[in-house]
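Read-outs: derived from the displayed coordinates by stated rules, not from any lab. Because the structure is predicted, anything quoted here is derived from the model rather than measured. Cβ: placed from backbone, ideal geometry, glycine included. Neighbour counts: every protein chain shown.
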C-alpha cells in the first residue's frame, strides 16, 4: 500500500499531522506493507521570503489579522506539546525549502528519505540550535544530510549542480493537476485523500479501509519480484 504525502518542512500543520500519521501507522497491524513517499510542496519561494517572517507570510496567505495568527500558533503549539514535538516558531524567517526538497529526492534514492524528512522538520522547529528555523542554508542541508548517512560531497554536488529540480517541480505540477491547494495532503493508494491535521484515529481508519478493499492484491504484490527504477539526478531508467 502506498501513502503519498504532500507537505513542506516549514508548515506546523504538516509537522503535527506527520506525527499523528506515524502514530496511526504504529497501530496499523499491516504496517510492514505500507510504503510512505513524501511529495514536494514549496510554500514560500525565495521572492516571497525576502524580508518576511513566518508570521508575516501566514498573515498574508490567510488574509487574517496578526492577533488571529498568534491565537492559531498558540493552539497548534499546545498540540505539538501534547505529541512531545519540539516546537518553536516565534521570530523565524519565512524560508524557501526548494533545496531541501531536492535533497529529499536524493535521499529517497539512498533509502534515507524518511529519516531526512524527520530531521528537516525537527531542525526547523527546534529552538535548541543557533540555525533553527533556517532550511535555506546549504551548509545546514549538508550537515543534515550527513546526519542521516548521506555522503557530504555528493550532497554538496547535487545542491551546487541543481540536481533533482525537475523531480520537485513534477511533484508540484501533479499537486496542481490534482487540485491540491492546502497541505498536508495525504493520498492512500491513489484512492482516498485526507487534507489537513486529523486525529490519529482518522488516519488509522483510512489505512484500514484502504487495506480491507485490496488486501489480496497487496499481499500478492508484496510477495512477487518487481522491476527496479534507478535514478541519477533527474534521469531515470528501468
Q: Rank-order 173-181, 145-153 by packing density, defined as the average count of other C-beta atoms within 10 Å over each peptide's residues, highest first.
A: 145-153, 173-181
Q | Difference of contour (0.36 nm per residue) and Cα-Cα distance, residue 56 to residue 178 | A | 41.1 nm
Q: Kindly rank 199-208, 24-33 from highest to lowest mean number of other beta carbons found within 10 Å of each residue.
A: 199-208, 24-33
Q) Quick one: if you stick a label point 7 Å off each Cα along the C-beta vector at residue 169 and residue 2, how many nm between them? A) 2.2 nm
Q. What nm distance separates the two modelled labels at residue 217 and residue 202, each placed 7 Å from Cα along Cα→Cβ?
A. 2.5 nm
Q: Under 1.5 on a/c is rounded, so check that first for segment 65-186, then, if it is not, pick prolate when a/b is larger than b/c and oblate when it is not; a ≥ b ≥ c are the square roots of the alpha carbon gyration tensor eigenvalues.
A: oblate
(Q) Can you sort 1, 61, 161 from fewest to most other Cβ atoms within 10 Å of each residue's own Cβ? (A) 161, 61, 1
Q: Provide the gained length on full extension for the span residue 209 to residue 146, in nm with one decimal, where the gain is 0.36 nm per separating residue minus the Cα-Cα distance.
A: 18.9 nm
